[in-house]
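Participant: Can you read through this structure? Questions will come right after.
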Amino acid sequence: MKYPEKVSKHIVSWLDEYLNRSGMKGIVVGVSGGIDSALTSTLCAETGRDIICIEMPIHQGKDQVSRSKNHIEWLKEKYPNVSSMLINLDNTFDSFVDSIPKIKSPENELSLANTRSRLRMVTLYYFSALNKYIVAGTGNKVEDFGIGFYTKYGDGGVDISPIADLLKSEVYSLAEFFCISNEIIKAKPTDGLWNDNRNDEDQIGASYNELERSMQIADRLDQDLSDREKEVLKIYKSLNSSNRHKMLPIPVCKIPKDYLR
């Protein structure tokens, strides 16, 4: 990234202006122990506005929990406007699982993974409404507008998206600029929604660096690509197409005016 300081100041100013226009009092952000939520929470803290960082583990891996806790402690030491809450959703999720039919299938596994994300969204909006705060999303450009790698009405259910115009590599650059902990920067990206702790690359079949390359060449026909680049480009285009419904406005059935007169 050429100008990390300018980019960070631009995002912080944008956040501050949004809060001024909306009349809301602060920001709620979910912190997972990953780099995206670490950067987002740091940028939000830079506004000087009241920030609540919320941990919402659901049978989470110990390494994810410790990274999240350590990052929040670092934020609170550095920014007096940051507070935090730990809302353990283990029992809430288990209760939901106990109340639905017992089905063994890949589709059920994915549905339950998405349910974890939606429970977190509900939790964030509870505290948002309680405090008159806005919910900040943590998705980056590759996830939100490249392959749609997020849960609809889960981590995609937010009020604002501070880092959604940053590629994953740019997220890392800003994280280094803010001196976010090395344990977070070095950790393999994961959405933390699976019992087996699979990471993002396991699910997608490509790294974020590879996906960024595919985003850059997706519409160019004059490329001399390696077999791996062709494979990743195919993955990118497939996910971009299948997840397009997440990136577009909700379809509205338009009624012919003659029918309504």
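Participant: Hey, among the residues in region 6-32 that are touching a helix residue (DSSP H, G or I) at 6+ places or on another chain (Cβ under 8 Å) and more than 16 Å from PHE178 (Cβ to Cβ), which one's surrounded by the most Cβ atoms within 10 Å (Cβ to Cβ)?
Facilitator: So, considering only residues that are touching a helix residue (DSSP H, G or I) at 6+ places or on another chain (Cβ under 8 Å) and more than 16 Å from PHE178 (Cβ to Cβ), the one surrounded by the most Cβ atoms within 10 Å (Cβ to Cβ) is ILE27.
Participant: Also: Applying the selection to region 123-159, what residues are under 19 Å from ILE250 (Cβ atoms) and either of a type outside the set (Gly, Ala, Ser) or surrounded by fewer than 18 Cβ atoms within 10 Å (Cβ to Cβ) (or both)?
Facilitator: Within region 123-159, TYR125, VAL135, ASP144, PHE145, TYR150, THR151, LYS152, TYR153, ASP155, VAL158, ASP159 qualify.
Participant: Right, another one. Select, from PRO80, PRO101, the only residue that is farther than 12 Å from LEU193 by Cα and modelled with pLDDT under 95.
Facilitator: Exactly one residue qualifies, and that residue is PRO101.
Participant: Moving on to the next point. Can you tell me which of (1) of a type in the set (Asp, Glu); (2) modelled with pLDDT under 95; (3) in a helix (DSSP H, G or I) is the one ASP196 doesn't meet?
Facilitator: Result: ASP196 passes all but (3).
Participant: Hey, another quick one. So, ALA164, is that one over 24 Å from LYS69 (Cβ atoms), at pLDDT 95 or above and in contact with a Gly (Cβ under 7 Å, 6 or more places away or on another chain) or not?
Facilitator: So ALA164 fits the description; yes.
Participant: With the condition kept exactly as written, say whether any residue in region 166-188 is farther than 24 Å from LYS6 by Cβ, surrounded by 21 or more Cβ atoms within 10 Å (Cβ to Cβ), out of contact with any Pro (no Cβ under 6 Å at 6 or more places or on another chain) and small (Gly, Ala, Ser).
Facilitator: Among the residues of region 166-188, not one is farther than 24 Å from LYS6 by Cβ, surrounded by 21 or more Cβ atoms within 10 Å (Cβ to Cβ), out of contact with any Pro (no Cβ under 6 Å at 6 or more places or on another chain) and small (Gly, Ala, Ser), which makes the answer no.
Participant: Checking ILE180 against (1) more than 16 Å from the chain's Cα centre (by Cα); (2) among the β-branched types (Val, Ile, Thr); (3) closer than 30 Å to ASN108 by Cβ, which test does it fail?
Facilitator: Looking at each condition in turn, ILE180 falls short on (3).
The values are calculated or read from the model by the stated rules, or taken from the named source; none is laboratory data. Here the structure is a predicted model, which is why all the values come from computation and not from measurement. Counting neighbours? That spans all protein chains shown, and the Cβs are built from the backbone with ideal geometry, glycine included.
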